[in-house]
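Contents: one structure, followed by commentary.
The values are calculated or read from the model by the stated rules, or taken from the named source; none is laboratory data. Computed from a prediction, not measured in an experiment: that's the story for all the values here. Heads up, the Cβs are rebuilt from the backbone with ideal geometry, glycines too, and the neighbour counts pull from every protein chain shown. Please note that ligands, DNA and RNA were not included when accessible areas were found on the heavy atoms of the full protein model with its side chains. Shrake-Rupley method; radii C 1.70, N 1.55, O 1.52, S 1.80 Å.
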Amino acid sequence: MGNCFEGVSRPGDGRPKTPTQGFKVCVCGGAGGIGQPLCLLMALDPRVWELSVYDLTIAMVPAEGIGADLGHIERKCKVKAYSLDTTQKPVDHLQECLSGCSLVLVPAGVPSKGRSKSDLLKINANIAKSIVEACAKFCPDAIVGLIVNPMNSVVPAMAKLYEKAGLDPLKIIGITTLDVVRANKFVHEETGAPIETIRVPVVGGYSGTASGPSAVSLFSQDSVGKSIPEKRQIELRARVQDAGNEVVDAKKGKGSATLSMAYAASRFASAVLAGLSGVRTVETAFVKCSIHPGVDFFSSRVTFGPSGVEHVHPVGNLTAAEKSLLDEATKYLAEDIRDGLIYAQNAD
Ligand code: NAD
């Protein structure tokens, strides 16, 4: 695969202009298990004016079918679909699909089942690279939200490629909202407290395919979560970390977390679009930052504003147990980040 980043110029002031009619959003991998419900949620989002559904011609359902289906929903959103023949290079063919996009969501890739982490990284980083190269060319100001596993490695790899091309690495963001969504739900089930009052921060890396447990739920920082006995907090923290397998097992290996992931990604998208339209919004995300010692990428609460990532919030006060878990998680995360940066270094 050639390097299509060369010759990409730095975007003007890094500030996408807010289109008056709304935003254009693309879902790459839009015909997949996560992609389809995510496209539906995006088509329903009042801030989305145009939705591009992009997938390969070999997808289970043609992207054009998803587009036609969504196009009948009685919302203002205009839906267009694009299929890529695998003999073509996305960077040569995605101009219409990506031009004008403010947000590109990427649930494209292969599932982890049966693959080693390094094989998964090679396959999924190549897929992400082909899409990110096209974004660099046709929508360099857009926020690119990655749902591709292993996320702890793929995000640093793609951010590094953006940086090498003179683009802003903070445009590349890992969508880790699902960990927060799960932590909130588990605390709600445990306590019965109203779900809308629960906001458990989850920091570190992402719970999906990783070297080891890298996502740490900080129950002590939530007014409801901290009322749960310490011993039970330990169990719930482990459940958040392993929740993806709970879904895979319940689906008897025939799928993974697609619906909850689509919901979580739409929560992320809503925060990004609110920020771009001038309503500063805080949402958890995995980004390049130096808020935690020993790692250059970290998942924490992020303020999204008119130019995208404005501020990555520090971790805050931790209990002794949380600190020790985060120290351990940071070691795994550092390993995953290193793998991603090696990929970027060797990418042609
Ligand atoms: P899926 O196989 O159902 O869908 C993936 C889609 O991506 C398919 O339609 C496929 O045709 C498409 N695709 C593959 N290569 C592409 C390319 N180069 N350009 C455009 N589209 C391409 O898989 P899924 O369950 O929807 O999962 C998608 C990704 O999300 C995987 O990488 C998986 O590891 C990851 N995932 C993450 C979580 C999570 O919790 N973050 C959960 C499940 C899956």
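Using only the alpha-carbon atoms, how far is helix 35-44 inclined from the longest principal axis of the chain? Give it as 0 to 90 degrees, nearest 10.
With both axes taken from Cα atoms, the answer is about 80 degrees.
Tell me which aspartates and glutamates have Cα within less than 16 Å of K76's Cα, excluding those fewer than 8 residues away on the same chain?
Counting by Cα, and skipping residues close in sequence, K76 has these aspartates and glutamates nearby: D45, E50.
If the limit is 23 Å between Cα atoms, which of K24/K122; K78/K254; K89/K122; K117/K252; K113/K251 go over it?
On the way: K24/K122 30 Å; K78/K254 32 Å; K89/K122 18 Å; K117/K252 21 Å; K113/K251 13 Å.
Correct reply: K24/K122; K78/K254.
Computed over the Cα atoms, what is the radius of gyration of the range 143-231 divided by 2.2 N^0.38 Å, N being its residue count?
Details: Rg = 15.8 Å, N = 89, 2.2 N^0.38 = 12.1 Å.
So the Cα radius of gyration is 1.30 times the expected 2.2 N^0.38 Å.
Please list the non-local residues whose amide H lies under 5 Å from the amide H of H311, H modeled 1.01 Å from N, same-chain partners needing a gap of 5 or more.
When sequence neighbours closer than 5 places are left aside, the close amide H contacts are T303.
Can you tell which of I198, S211, V295 lies farthest toward the positive end of the dipole of the chain, using +1 and -1 charges on the Cβ of basic and acidic side chains (Lys, Arg; Asp, Glu)?
Among I198, S211, V295, the one farthest towards the positive end of the dipole of the chain is I198.
Testing the spin-label approximation: label points 7 Å from Cα along Cα→Cβ at H72 and K251. State their distance in nm.
Computed distance between label sites H72 and K251 equals 2.5 nm.
Under the rule of at least 5 residues apart or a separate chain, name every residue whose amide H is placed under 5 Å from the amide H of V48.
Result for V48 returns F23.
Would you kindly derive the ³J(HN,Hα) couplings of the range 147-152 from the backbone phi angles with the Karplus curve 6.51 cos²θ - 1.76 cosθ + 1.60 (θ = phi - 60°), listing them in order in whole Hz, with x for Gly and Pro?
Coupling constants for the range 147-152: 10, 8, 8, x, 4, 4 Hz.
Mind checking the dipole of the range 23-176: about its Cα centre, +1 per Lys or Arg Cβ, -1 per Asp or Glu Cβ, Debye to the nearest 20?
380 debye
Nearest 20 debye, what's the magnitude of the dipole of the chain about its Cα centre given +1 on Lys and Arg Cβ and -1 on Asp and Glu Cβ?
Computed charge dipole of the chain: roughly 220 debye.
Average projected area of the Cα convex hull of the range 229-348, in nm²?
On the way: hull surface 41.4 nm².
About 10.3 nm², averaged over all directions.
Give me the accessible area per residue for the range 23-176, probe 1.4 Å, as a whole number in Å².
37 Å²
As a test of reading the structure, rank I73, I147 by solvent-accessible area (1.4 Å probe, protein chains only), most first.
If we order I73, I147 from most to least accessible, we get I73, I147.
Post the alpha-carbon centroid distance, the range 185-238 to the range 112-154, in whole angstrom.
Using only Cα atoms to place each centre, the spacing works out to 27 Å.
Binned at 5 Å from 0, what are the whole-percent values of the Cα-Cα distance distribution for the range 198-297, short to long?
Histogramming the range 198-297 at 5 Å steps yields 2, 11, 15, 20, 21, 18, 9, 3, 0 percent.
FRET efficiency for K185 and D327, Cβ-Cβ distance as r, R0 = 30 Å, nearest 0.05? Present the calculation step by step, with values, prior to reporting the outcome.
Working: r = 27 Å, r/R0 = 0.89.
So, using R0 = 30 Å, E works out to roughly 0.65.
Once the dipole of the chain is set up with Lys and Arg at +1 and Asp and Glu at -1 on Cβ about the Cα centre, which of S130, V187, L98 lies farthest towards its positive end?
Ranked along the dipole, the leading option is V187.
Roughly how many Å² is the accessible area per residue of the range 177-338, as a whole number, for a 1.4 Å probe?
Result: 43 Å² of accessible area for each residue.
Given H placed on each backbone N at 1.01 Å, which residues far from V200 in sequence or on other chains put an amide H within less than 5 Å of it?
Long-range HN contacts for V200: N184.
How far apart, in nm, are the 7 Å Cα→Cβ label points at K113 and E96?
3.6 nm
Return the distance in nm (one decimal) between the two label points of a simple spin-label model at A238 and T57, each offset 7 Å from Cα along Cα→Cβ.
Simple spin-label model gives 5.0 nm for this pair.
If the elastic network links every pair of Cα atoms under 10 Å, which of A68, A159, A257 fluctuates the most in the Gaussian network model of the chain?
In this elastic network of the chain, the residue with the biggest mean-square fluctuation among A68, A159, A257 is A68.
What is the spread of the Cα atoms of the chain along each of their three principal axes, largest first, in whole Å?
Dimensions of the chain along the principal axes of its Cα atoms: 54, 47, 43 Å.
Using only the Cα atoms, work out Rg/Rh for the range 23-176, with Rh taken as the Kirkwood radius, to two decimals. All intermediate terms of the calculation are to be shown ahead of the outcome.
Working: Rg = 14.5 Å, Rh = 15.3 Å.
Rg/Rh for the range 23-176 comes to 0.95.
For a quick check, take a GNM of the chain with Cα springs below 10 Å and name the residue from K331, K251, K76 with the largest mean-square fluctuation.
Fluctuation is largest for K251.
For the range 302-312, what does the Karplus curve 6.51 cos²θ - 1.76 cosθ + 1.60, with θ = phi - 60°, yield as ³J(HN,Hα) per residue in whole Hz, taken in order and with x for Gly and Pro?
10, 8, 9, x, x, 10, x, 5, 9, 7, 9
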